[in-house]
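Encoded as C-alpha cells, the structure appears first; notes follow it.
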Amino acid sequence: MLNLHMKTNTKNKEQNIVVKGISPKEIKIISELEFNEKKYFKREDIQHLFKNKKEMTNAIYNLAKKERIVALNKNKYFLVPIKARLGKWTDEPFIIIDEVMNGQGYFIGGWAVANHYRITDQIPFKYDVYTTKRQGKYNILGVKIIFHRTTKERIKNAVIEKLNNHSFSIMNKKEMKKWMKLRE
C-alpha cells in the first residue's frame, strides 16, 4: 500500500492531511482511466482489469471508500484524478447532470437555465432536473440537484446545448421565458 503524507499551510495554520493508501491494483485502474482521459466511466470500461465481477465490485467499493471515485448512478462513476490534492474534485454541473442521467430522458430547467440564457444574472446554487425516472434532492460532486417529475412530451421540447464538447438537454428559451414570467 502506498501512503502519502502532506503538510499544507492554510492561513499560517499547519494542517496534517493523510491520503488513504492506494493499492497497486487501484493505481492501475486510476492510471488506465486517466491515460484514456475517462473522467466518467462504466464498469465495462475497467472490466478487462479483473478476473471476475466480485473482484471488480470490491475494487470499486474500496476506491469509493477512499474517495477516489464517486458513484453517479448504478453503473456510472466519476474518477477523482490523482492531481486532486485533497481528494475533492468536480466538473461542470450541466455535464454532471447529463452523465447521471446517461444523456437521455431529462432536461435541466430553473434558475440555472435562466442564467445560461442570460435572462438573469442570478447565479444558481441548485439545479432543477425534470425527468420521468426519479425525484428528490441529491448532492452529487458538490452540486445540489433537485429532480422533478414531468411528462415525456415536455422532455421532447428540450433543446440540446454543448459545453466543452459535451452535450446536455435544457429547457427551450420560449418555455424558460414563460417560467420567468411566473416568477415576477
Open item on the list: Within the range 105-124, take every residue that is in contact with a Ser or Thr (Cβ under 8 Å, 6 or more places away or on another chain) and in contact (Cβ under 8 Å) with a residue 40 or more places away in the chain and give me the one that is farthest from N157 (Cα to Cα).
Closed with: A114
Task: Selection count where residues are charged (D, E, K, R), surrounded by 13 or more Cβ atoms within 10 Å (Cβ to Cβ) and in a helix (DSSP H, G or I), scope the range 152-172 - done: 1
Open item on the list: Name the single residue that is nearest to the chain's Cα centre (by Cα) among those in the range 92-107 being in a helix (DSSP H, G or I) and of a type in the set (D, E, K, R).
Closed with: E99
TODO: Give the range 52-91 a look and list any residue that's in a loop (DSSP other than H, G, I, E, B) and more than 20 Å from I22 (Cβ to Cβ), or say none.
DONE: N52, L72, N73, K74, N75, T90, D91
Task: Which numbered condition I46 fails, given (1) closer than 23 Å to N164 by Cβ; (2) buried (at least 18 other Cβ atoms within 10 Å of the Cβ); (3) not polar (S, T, N, Q) - done: (1)
- [ ] State all residues of the range 135-151 that are in a strand (DSSP E or B) and either surrounded by 12 or more Cβ atoms within 10 Å (Cβ to Cβ) or touching a residue at least 40 places away in the same chain (Cβ under 8 Å) (or both); if no residue qualifies, say none.
- [x] Y138, I140, V143, K144, I145, I146, F147, H148
- [ ] From N58, N16, grab the single residue that is at pLDDT 90 or above and over 21 Å from the mean Cα position of the chain (by Cα).
- [x] N58
TODO: Report, by residue number, each residue of the range 66-85 that is farther than 11 Å from Y40 by Cβ and in contact (Cβ under 8 Å) with a residue 40 or more places away in the chain.
DONE: K66, E67, R68, P81, I82, R85
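For every residue, the table says whether it meets (1) of a type in the set (V, I, T); (2) modelled with pLDDT of 90 or more; (3) over 21 Å from I160 (Cα atoms); (4) assigned by TED's automatic domain parsing to the domain that holds N165.
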position	(1), (2), (3), (4)
G87	no, no, yes, no
D98	no, yes, no, yes
Y106	no, yes, no, yes
A112	no, yes, no, yes
D121	no, no, yes, yes
Y130	no, yes, no, yes
I145	yes, yes, no, yes
H148	no, yes, no, yes
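The values are calculated or read from the model by the stated rules, or taken from the named source; none is laboratory data. In this text, all values refer to a predicted model and were calculated from it rather than measured experimentally. No Cβ is skipped: glycine too gets one built from the backbone with ideal geometry, and neighbour counts run over all protein chains shown.
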